[in-house]
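Q: Pasting in a structure now, in C-alpha cells, and then I'll have a few things to ask.
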Amino acid sequence: MLKVRLYGDPVLRKKAEPVTVFDEKLKQLVKDMIETMVVEDGVGLAAPQVGESICLAVIDASEGKDPPVVMINPEFTFFSDDKVTSDEGCLSLPGITLKISRPQKVSVRAFDENGKEFFIENAEGLLAKALQHETDHLNGLMIVDHISPLHRKMISGKLKKLAQG
C-alpha cells in the first residue's frame, strides 16, 4: 500500500508530467494505487496523491462492481453547460467535505496502462465527478480551489492542521 500525501505536500500542487513509457513499473504503480484506493475507501486516486508527479489516476465509481478505470494522460473532449453541485471529499483532505459545482456530463480521452487509447463519452453522476476531481489533481488543483475565498477562510484552521501534519 502507498502513503497518501496530505494537503500541504508540494507534490499536490505541481502539474503532473505526461506518461511516455508504458512498462512493468507503471503497471505495478497502477496495481499499488488501486490497492491503496480500495483500502482508503476512495472513489479515485491520482498519482500525485501518492508522490508520483505523472498523469495517472485510477477511479472506481461502481463500488467494486466494475474493474477500476485506469486513466493515463487524460484530456477532456466535452463538458456540459449544465452544472451540478454535490458534496466532495478527498483522500488528501481527510475529514473535509465541500460542496463543489462541476459540469454534469463530461467526455474524456485517455490511455490505459498498456498504452491503449480509450474514450469515456457523456459520463455523469459519480463517474463524471471523479473524472474531473482526479484530473484536477493532475493539474495541481484540489477541491479547496473550487470554493469561495470566504468558505476557504472558514476552513483555514483545518487546512493548517493538515499542512502541519
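Values quoted throughout were computed directly from the atomic coordinates according to the rules given, and no laboratory measurement underlies them. Keep in mind the model is a prediction, meaning the values are calculated, not measured. Positions of Cβ are generated from backbone atoms using ideal geometry, with glycine treated the same way; all protein chains shown enter the neighbour counts.
Q: What are the residues in the stretch 112-133 that are buried (at least 16 other Cβ atoms within 10 Å of the Cβ) and within 22 Å of Asp81 (Cβ to Cβ), if any?
A: Ile120, Ala123, Leu126, Leu127, Ala128, Lys129, Ala130, Leu131, Gln132, His133
Q: Using the structure shown, decide if Leu150 is in contact (Cβ under 8 Å) with a residue 60 or more places away in the chain and either assigned to a strand (DSSP E or B) or surrounded by fewer than 19 Cβ atoms within 10 Å (Cβ to Cβ) (or both).
A: Answer is no for this residue.
Q: State which residue is surrounded by the fewest Cβ atoms within 10 Å (Cβ to Cβ) when the search covers only the stretch 27-51 and only residues that are of a type in the set (A, V, I, L, M, F, W, C) and touching an Asp or Glu at 6+ places or on another chain (Cβ under 6 Å). Write out each step before concluding.
A: Of the stretch 27-51, the ones of a type in the set (A, V, I, L, M, F, W, C) are 29-30, 33-34, 37-39, 43, 45-47, 50.
Now restrict to residues that are touching an Asp or Glu at 6+ places or on another chain (Cβ under 6 Å): 30, 46.
Numbers: Val30: 19, Ala46: 29.
Step by step, filter the stretch 27-51, then rank; the result is Val30.
Q: Which condition does Lys15 not pass, out of (1) under 14 Å from the mean Cα position of the chain (by Cα); (2) among the basic types (Lys, Arg); (3) outside any loop (DSSP other than H, G, I, E, B), if it passes all the others?
A: (3)
Q: So for the stretch 154-163 (the condition being closer than 28 Å to Ile54 by Cβ, small (Gly, Ala, Ser) and within 18 Å of the chain's Cα centre (by Cα)), does at least one residue qualify? Let's see the steps before the verdict.
A: Taking the stretch 154-163 as the starting set, the residues that turn out to be closer than 28 Å to Ile54 by Cβ are 159, 162-163.
Next cut, small (Gly, Ala, Ser) only: 163.
Those still in the list that are within 18 Å of the chain's Cα centre (by Cα) too: none.
There is no residue in the stretch 154-163 that is closer than 28 Å to Ile54 by Cβ, small (Gly, Ala, Ser) and within 18 Å of the chain's Cα centre (by Cα).
Q: Can you name every residue in the stretch 79-107 that is in a strand (DSSP E or B) and surrounded by 15 or more Cβ atoms within 10 Å (Cβ to Cβ)?
A: Within the stretch 79-107, Phe79, Val84, Glu88, Leu98, Ile100, Arg102, Pro103, Val106, Ser107 qualify.
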